[in-house]
Structures are given as structure tokens and as C-alpha cells.
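Novice: Here it is, the structure, as C-alpha cells.
The values are calculated or read from the model by the stated rules, or taken from the named source; none is laboratory data. The structure displayed is predicted, hence computed values, not measured ones. Backbone-built Cβ (ideal geometry, glycine too); neighbour counts: all protein chains shown.
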Amino acid sequence: MNVRRSDNGSHLGPVVAVPRSVEERSILNEQAFLRMISLERKRSERSRMPFLLILLDMGENLPSEKNEKILGNVLTALARSTRETDITGWYKDHSVVGIMFTEIGIGDRSASLDTLINRVSEALRGNLTFEQFNHINLSFHVFPEDWDQETSQRLSNPRLYPDLRERDDARRTICVIKRIMDVAGSITALALFAPIFLLVAIAVRATSKGPILFRQRRIGQYGEPFVFLKFRTMQVNNDAAVHKEYVKKLILGKAEPQGMDGNGNGIYKLTKDSRITRVGAFLRRTSLDELPQFINVLQGKMSLVGPRPPVPYEVEAYDLWHRSRLMEAKPGITGLWQVNGRSRVKFDEMVRLDLRYARSWSPLMDVSILLRTPRAMVIGEGAH
């Protein structure tokens, strides 16, 4: 048998063996089981209690009667290794069986994983022939995931988000329309703003040392990292410590608004940042620094409309429910947040706007947001 551990993990508490016959055990169909994974994820976001998803891939090439025989033996083994509260179902009909161990305690992750791998493996060995045992591919996936910002790999584990993939498949047609809009819009913008690109490039190069474009690692949809492009607005080799500290407070809801006016209004963004050049301040105020992002859109890393892509140290400070803004939509140049107050809204409200967009977007909504964006840029509300 091939045993694979998920790169993302958490502690696994003790598994209480509750003997049951195969007849007493119910197995959910694929649609119902994928729905249970989604529900369990939402519960875990609130309770912070991890759950473990075990997938047993029996392959798709075996004759159906042979698969049924293996399945019967597998369920017999699982009946001796799971609890009444655990959920078994088809992750993929007639080829991949899934088991969710829910409400697992917090502690030593590695030791608990080893214990559970051995427990399940021994149970399978005792109920399968050598040939059947070696045919099964067993993998372990834990939620919440451990998002390691130091790696260049995706941060999310797609096995834990089958419902989002299923949703994207269901609205494939409008996703194609969105992509056509992105390609057409970015090509048009790059051609239309070519003279401005040239003027900004000359201004950036003439007024400060360093590259014209600023390249930064950002986190895209499904936690996929990509290289984010902007016109450089800061001095090179600057220290990001001040920004990191403010962002952490902002996400925790402890940041004070900056740049308060006479009416007590301010924005949730650093306004007096000594790292910003004089030209950079103008580019930020007018949002001209964001023009190179049309290249990211053309590459397919971003969309014209979507959530703002975060830098890795922002994601490190996220609460569990904040991660959904990365999972449910591709990042965009503009979005509901940008046209509804921008940096004048608190971080949690920004996330809610992003989720509202991701769960109800349509081509018409994208057009509406795009039409409202120039006014937000001209006014410069919240731009610093």
C-alpha cells in the first residue's frame, strides 16, 4: 500500500475503536460527502477543533466486482478504527473512499499522525489480502492546514476544498466569460495606457535609484503564490518591519486609523511612510502605480475584479475564516472593497466584502464595479 501524508497537518487526538459490523456502517454518496467536508470546515473555523480526512484510493481500473470485494474488506477494517461520530463516504464514486475524523484534540502533530497511520494500516492489513493491500493508495489531510509561508508551493490543500472546485465546474461558462473579459480588458488597457506607462517609467527612473517595476511575492487563489507587479513607489532596500507590525494590528482589529481629519475620519493604512518617494506618493494617490497589474491579469494570475492579493506576512496573521477570501475568488485589480470605501473600512469588513463578491459575482457585477472604479481613482479615497 502507498501511504502519503499531507504536507499540511495538525495534532490528531486518540481514536477510540468502536467495533461495528459493515451492515451498521453507512457510506455517503459523493455529493453528500463533499457537502459534509464543507460543513466540517466551517465548524472547524468557528471551534478551531481540527479534523482529519483520510482518503483510500482503490483505483479506477479494477473490475467492479473486485472493487466491491475490496470495499467490503476496507469497511470492515475501518469499522474497527473509527468512532460513531466519524463520517465515511465516497470522495469519488466507486474509486476513492473518504473518512473524516472530527473534533480532534490539539497536541503533538507528528506523533499522533504516526499513531493513526499505524492504526489504520494495521486494520487494513488484517482484513485485506497482500494484493489488495498494496493496491490501495492511502493519504492523510488535516484542517486547519499549516500554511508555511517559507515554501514556494501552494498554501492550501485542494483535497480539503472539493466543494469550491465543484462550484467552479458548475459555473464554468461564466468563468470562461470572466476570463475573456480579463484578456480583452487587460490588452485594451495596456495599449490605451502605453504612453502613461512610458511617462511613469521615466519619472520613477529619473527621481530615485532602483528598478522601474516593483516585484513582490503575493498569494493568489487557493493559496497559489505569484509575482505581483507595480510601479516602484518606495526607496530600494527599505525595512518592512513597520508595515508588518501595522498590518498585524489591523488584522487583529487593534489598529488605529491614520491621517485623521477634522471630522474624526481616517484610513486603515500607513499615511506617513518615509520609504515612499515623492513620485511614488503621487502614483499611489492616483493608483497609477497599479497599471502593471494588467500584465498579471493577462498572465491569468489575477482578474480585473476580485479581492486584493495579500503579501505572505499578512496571511500569517489571518484568522481561519479570513482564509476564505483567498480560496473563493481570483485576486483582482479592483473590487467591492476598492469602490466601497477602500482603506476606510476595517479589515474584517474588507474580508466580508470580498466574500460577498466571491459568492455572488457575475459578469454584470464585474462591469458595474469596473465602471465605478475610475471615480474611486479620481477621488483617491483611501489611496496612500
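Novice: Can you tell me which residue within region 40-58, out of those that are of a type in the set (D, E, K, R) and in contact with a strand residue (DSSP E or B) (Cβ under 7 Å, 6 or more places away or on another chain), is nearest to residue 92 (Cα to Cα)?
Specialist: Ranking the qualifying residues of region 40-58, first place goes to 57.
Novice: Among the residues of region 209-233, which ones are assigned to a strand (DSSP E or B) and within 23 Å of the chain's Cα centre (by Cα)? Steps first, please.
Specialist: Initially, region 209-233 is screened for residues assigned to a strand (DSSP E or B), giving 213-219, 225-231.
Those that are assigned to a strand (DSSP E or B) and within 23 Å of the chain's Cα centre (by Cα): 215, 216, 217, 218, 219, 225, 226, 227, 228, 229, 230.
Novice: Quick one: would you say residue 361 is hydrophobic (A, V, I, L, M, F, W, C) and within 22 Å of residue 248 (Cβ to Cβ)?
Specialist: When the stated conditions are applied, residue 361 does not pass them.
Novice: Pick from region 283-297 the residues that are in contact with a Ser or Thr (Cβ under 6 Å, 6 or more places away or on another chain) and closer than 19 Å to residue 367 by Cβ: which of them is surrounded by the fewest Cβ atoms within 10 Å (Cβ to Cβ)?
Specialist: We begin by selecting, within region 283-297, every residue in contact with a Ser or Thr (Cβ under 6 Å, 6 or more places away or on another chain); these are 283-284, 289, 294, 297.
If we keep only those that are closer than 19 Å to residue 367 by Cβ too, we end up with 294, 297.
Values: 294: 24, 297: 26.
Out of the qualifying residues, it is 294.
Novice: Let me ask something else. How many of the residues making up region 344-364 are out of contact with any Pro (no Cβ under 9 Å at 6 or more places or on another chain), in contact (Cβ under 8 Å) with a residue 24 or more places away in the chain and either part of a helix (DSSP H, G or I) or loosely packed, with under 14 Cβ neighbours inside 10 Å (or both)?
Specialist: Matching residues across region 344-364 total 5.
Novice: Among the residues of region 276-311, which ones are in contact (Cβ under 8 Å) with a residue 24 or more places away in the chain and of a type in the set (Phe, Trp, Tyr)?
Specialist: 294
Novice: Something else now. List the pairs whose first member sits in region 189-217 and is under 16 Å from residue 295 (Cα atoms), whose second member is among the hydroxyl-bearing types (Ser, Thr, Tyr) and surrounded by fewer than 13 Cβ atoms within 10 Å (Cβ to Cβ), and whose Cβ atoms are under 9 Å apart, counting only residues at least 6 apart or on separate chains?
Specialist: 217/152
Novice: Looking at region 152-162, is at least one residue closer than 18 Å to residue 293 by Cβ and buried (at least 18 other Cβ atoms within 10 Å of the Cβ)? Please lay out each step first, then the result.
Specialist: Of region 152-162, the ones closer than 18 Å to residue 293 by Cβ are none.
No, region 152-162 contains no residue that is closer than 18 Å to residue 293 by Cβ and buried (at least 18 other Cβ atoms within 10 Å of the Cβ).
Novice: Applying the selection to region 167-196, what residues are part of a helix (DSSP H, G or I) and in contact with a Leu (Cβ under 6 Å, 6 or more places away or on another chain)?
Specialist: 182, 185, 186 - these are the residues of region 167-196 that are part of a helix (DSSP H, G or I) and in contact with a Leu (Cβ under 6 Å, 6 or more places away or on another chain).
Novice: Something else: State which residue is nearest to residue 310 (Cα to Cα) when the search covers only region 338-384 and only residues that are among the hydroxyl-bearing types (Ser, Thr, Tyr) and at pLDDT 85 or above.
Specialist: By that ranking, first place goes to 357.
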